[in-house]
Amino acid sequence: MEITKEAICGTLESNDLLVKVAPRDELEVVISSAVMRQFGARIREVVEETLRKMEVSHGQIMIEDKGGLDCTIRARVQGAVLRGSECGELDWRVL
Amino acid sequence: MNNQLDFDLLDPQENADGADEVRQLLRSSDLEMDGDIQVFVVARDRSTLVACAGLAGDVVKCVTIAPAYRGTSLARKLINEVQHVATMKRGHNHLFLYTKPHNVPLFEGCGFYKLVSVLDSACLMENTPVGIRDYCEILRSFRHAGKRIGCAVINANPFTLGHLHLVRQALKQCDWLHVFVVSEDASAISYADRLDLVRAGLDGLERLTVHGGSRYLVSKVTFPCYFIKDTCVVEACSTAIDLLLFREFIAPALGITHRFVGTEPFCPLTRKYNQDMHKWLESASGDGPALRVVEIPRLEVAGRPVSASYVRQLLGEGDFEAMATIAPGTTVALLREKYAVRAGRGQRVAQLKSLR
Amino acid sequence: MKKPRRSMLFIPGSNAAMLSTAFVYRPDSIMFDLEDAVALREKDSARLLVYHALQFQGYRGMETVVRINPLDTPFGLKDLDAAVRGGAAIIRLPKTDCAADVLRLEAEVDRIERECGREQGSTRLMAAIESASGVVNALAIATSSPRMDSIALAGFDYVVDMQTQRGDGIELFYARCSVLHAARFAKIDAFDVVFSDVNDDEGFLKEVALIKRLGFNGKSLINPRQIDLLHNAFAPTQDELHRAERIVEAAEKAEREGLGVVSLNGKMVDAPVVANAHRILELAKTSYSQN
């Protein structure tokens with residue numbers, strides 16, 4: 001999937017995260033979280049796995065995490081990528 | 001307190017009653033409504049306005065929440081809404097925010113990161129932890145060795161022999177010169193054309209790098225007054241944010257030691273900016289090393305200081321012959337080709353003269 | 001023995017925090033709402049939140065219901081994909097007016113189950129009745145498909161359609177009876193309307209007492225606080241419990257002795273009465289183990 005425009009998905013509420021995506025030549029994942037030390041690595045793992053499954057190979061993905069669970073991270077990252085892509089349609093097999 | 005708040009958009013130009021409500025809410029927090037705000041994101045409890053955040057391009061300002069609703073995570077909901085609207089509806093996903101320093105922690109909780117602050121009066125923030133960081137990284141790749149590294153920031157609307165003179169004089173006083181062209185597209189001549197003309201006009205000169213501008217340097221983000229027509233109250237205009245950003249981030253990234261600027265005989269605001277440069281860039285106290293500010297007397301031709309505004313006036317009059325005495329051939333050629341006035345001559349002259 | 005379904009907690013599908021934590025309240029069923037609780041702008045993101053929440057281990061072992069948008073909206077079919085593929089036990093179809101609405105849903109569910117390899121027939125359907133049409137067609141709706149799991153009355157839209165408003169309950173009387181009879185005839189469950197004033201415990205309990213008497217299996221809830229109140233109200237009384245125990249004992253005795261007829265105190269006890277007694281014991285087990 002190709003990120004062709006800037007998009008945003010999620011909220012800043014507790015247990016949620018705000019994900020912003022923008023087109024870029026390379027893949028850059030930027031994560032901010034109040035629990036960076038304890039969960040930063042796990043958040044990155046889930047984000048990268050989600051991007052891999054959607055075949056996103058470049059773009060800037062910015063995460064402002066407020067304590068989202070893995071299932072929430074997946075949903076928000078997918079949501080932002082879909083909103084930032086041309087077709088915006090989900091291929092369920094990919095998830 | 002009712003949990004259910006409604007968010008809405010309010011256009012202050014089109015909705016006079018709504019604008020009044022917002023103005024009142026802002027005043028109750030000692031804030032005035034800025035004239036350049038294009039849309040407000042507002043929160044209502046039933047029909048009462050309880051919070052607002054203004055958007056002027058990519059700048060968020062005039063943010064306030066009624067006292068009874070503070071501390072209820074309304075700020076996060078409001079700023080969340082602002083980011084959604086700005087990204088999905090207005091094409092701005094990199095946002096800046098102005099607030100008073102004591103509110104910084106509040107907005108840090110909303111995904112904004114501090115850039116610079118001016119004592120107790122204002123703080124500029126952006127909604128990414130890597131905005132200025134990434135920009136400086138790019139700048140660092142343009143570093144040059146040398147004891148004296150200079151910088152000049154020009155609008156060049158359009159590039160004139162005066163700008164060439166400034167650059168030549170600056171080059172005599174430094175080992176390398178970085179020239180930045182203001183990238184805000186708010187001038188008579190488009191940014192793309194201005195940048196082309198600068199490159200063309202400086203072609204052949206060595207020990208110099210021409211840089212495109214950015215949001216972080218003389219833009220509507222850092223120095224909004226510069227772009228507002230008829231700025232009367234010059235004293236009220238803040239130049240500090242722009243200059244502090246330069247001193248704390250941009251200058252260190254390029255190793256800049258000297259900032260060069262032409263003397264300003266005409267515009268009071270630009271004159272103030274030059275004066276403020278001494279204050280903010282040269283003082284011993286402050287983040288980032290102190291710089292030297294060097295004012296270079298403006299070039300005069302036929303006893304008259306060369307100015308871009310005069311070039312624009314000549315453009316309006318169609319007098320390319322006179323223009324050639326104060327602007328290089330490349331500038332004259334492009335103006336003739338792309339910006340020559342066909343009809344409505346008188347009006348256009350006035351327009352060109354008043355814009356920066 | 002069927003699990004009790006007294007409480008169905010509504011969770012807005014767009015609320016990540018609630019989706020992450022609502023399982024701790026242990027309602028009998030949890031309903032993720034993609035319809036009225038979700039703003040238009042967030043329909044796409046809520047769908048994804050629900051899809052992933054359905055697979056979250058916190059909800060394993062809990063009955064999950066997803067309220068999709070009507071199929072004639074741009075959202076309905078996509079919601080259905082997410083819900084079926086995500087593993088929801090039940091799809092709640094809003095504004096079900098006639099049997100054809102259910103059949104249309106059923107056809108789509110058939111297709112999606114095939115496409116994603118989910119066991120055919122495993123996704124069940126709940127029809128929400130929200131209009132006069134729905135009430136009048138309740139019987140046809142309840143018997144329209146083998147996938148029909150339950151029928152629910154939704155009060156807000158219904159009273160608007162009936163040109164009245166919510167009050168002491170008389171305005172829902174016919175609708176409740178109609179829905180109940182349809183459910184009993186079709187041998188499926190019946191759920192009552194949401195009680196929206198979360199601060200009025202007394203009013204809530206009055207309504208619960210009423211619908212329990214009428215015979216509803218359970219009720220839709222919008223606030224976790226209402227769960228315990230409801231469960232307590234639905235718990236059998238000591239007398240009911242005692243009587244049920246004796247009936248079940250008598251039935252077991254009859255079985256052991258190879259008698260065809262169950263009797264208690266010299267009176268014959270019918271099969272439906274025995275089944276009901278089992279149901280009460282089951283209900284008691286759940287009520288008391290939770291408290």
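Values quoted throughout were computed directly from the atomic coordinates according to the rules given, and no laboratory measurement underlies them. Fair warning: this is a prediction, and the values are worked out from it, not measured in the lab. Note: ideal-geometry Cβ built from the backbone for every residue, glycine included; neighbour counts use all protein chains shown.
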task: Work out Dmax and Rg for segment B:90-139 from the C-alpha atoms and quote the Rg first, both in angstrom.
output: 11.4, 32
message: Among B:P268, B:P67, B:P129, which one shows the highest mean-square fluctuation when chain B is modelled as a Gaussian network with alpha-carbon springs under 10 Å?
response: B:P67
- line: Averaged over the residues of A:2-15, the number of partner chain Cβ atoms within 10 Å of each residue's own Cβ comes to 6
- prompt: Amide H neighbours of B:L299 under 5 Å, counting only residues 5+ apart in sequence or on other chains, H built in-plane at 1.01 Å?
  reply: B:V306
- request: Along Cα→Cβ, 7 Å out, is where each label goes; now give me the distance between the ones at C:A39 and B:L205 in nm to one decimal.
  value: 5.1 nm
- prompt: With no solvent and one point on each alpha carbon, what is the Debye value of log10 I(q)/I(0) for segment C:93-203 at q = 0.10, 0.19 Å⁻¹?
  reply: -0.32, -0.91
field: Taking the C-alpha atoms of segment B:142-299, convex hull volume expressed per residue in Å³
entry: 105 Å³
message: Compute the helix-to-body angle for A:36-53: its Cα long axis versus the longest principal axis of chain A, expressed 0 to 90° and rounded to tens.
response: 20 degrees
- prompt: Build a GNM of chain A with springs between Cα atoms under 10 Å: which of A:M36, A:M54, A:M62 gets the top mean-square fluctuation?
  reply: A:M36
task: Using only Cα atoms, figure out Rg for segment B:103-201 and give it as a multiple of 2.2 N^0.38 Å.
output: 1.39
message: How far apart, in nanometres, would the label points at A:V30 and A:H58 be if each is projected 7 angstrom from Cα along the Cα-to-Cβ direction?
response: 1.8 nm
task: Compute the longest continuous run of chain C that contains no exposed GluC sites (Glu not before Pro); treat a site as exposed when its DSSP state is not H, G, I, E or B and it has at most 16 other Cβ atoms within 10 Å.
output: C:120-256
- request: Please determine, in degrees from 0 to 90 and to the nearest 10, the orientation of helix B:308-317 with respect to the longest principal axis defined by the Cα atoms of chain B, where the helix direction is its Cα long axis.
  value: 80 degrees
task: Over 33 Å, how big is the tail of the calculated P(r) for the protein assembly as shown, in percent of all Cα pairs?
output: 63 percent
- request: Please sort by residue number the trypsin sites (Lys or Arg not before Pro) in segment C:1-48 whose DSSP state is loop and whose Cβ has at most 16 other Cβ atoms within 10 Å.
  value: C:K2
- request: Counting other beta carbons within 10 Å of each Cβ, put C:L221, B:L334 in order, fewest first.
  value: B:L334, C:L221
query: Counting other C-beta atoms within 10 Å, which of A:K20, B:K89 has the fewest, and how do the rest follow?
result: B:K89, A:K20
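Per the Cauchy relation, a quarter of the hull surface: what is the mean projected area of the convex hull of the alpha carbons in chain A, in nm²?
On the way: hull surface 20.8 nm².
Across all orientations, chain A yields a mean hull projection of 5.2 nm².
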task: Round to a whole angstrom and tell me the spacing of the C-alpha centers of segment B:193-227 and segment B:109-170.
output: 10 Å
query: If each Cα of segment B:243-304 is one equal point scatterer, what is log10 of I(q)/I(0) from the Debye formula at q = 0.13 Å⁻¹?
result: -0.38
Rg followed by Dmax, in Å, when segment C:11-159 is reduced to its Cα trace: 14.4, 41
message: From the convex hull of the Cα coordinates of segment B:207-313, what is the mean projected area in square nanometres?
response: 8.1 nm²
query: Distance from the Cα centre of segment C:101-129 to that of segment A:39-59, in angstrom?
result: 33 Å
task: Return the Rg/Rh value of segment C:238-290, two decimal places, where both radii are evaluated on C-alpha atoms and Rh is the Kirkwood radius.
output: 1.02
statement: For chain C, longest principal axis from Cα atoms; helix C:271-290 axis from its Cα atoms; angle between them, nearest 10 degrees, is 70 degrees
statement: Under the 7 Å Cα-to-Cβ spin-label approximation, C:F173 and C:V160 lie apart by a distance in nanometres of 2.5 nm
task: Wrap a convex hull around the Cα atoms of segment B:6-93, take a quarter of its surface area, and give that in square nanometres.
output: 5.3 nm²
message: Using the crude model of +1 on Lys and Arg Cβ and -1 on Asp and Glu Cβ, and no other charge, please compute the dipole size for segment C:1-159 relative to its Cα centre, in debye to 20.
response: 540 debye
field: For chain B, alpha-carbon Rg over 2.2 N^0.38 Å
entry: 1.08
query: Given just the C-alpha atoms of chain C, how large is their convex hull per residue in cubic angstrom?
result: 152 Å³
message: Under the rule of at least 5 residues apart or a separate chain, name every residue whose amide H is placed under 5 Å from the amide H of B:Y113.
response: B:E126, B:N127, B:T128
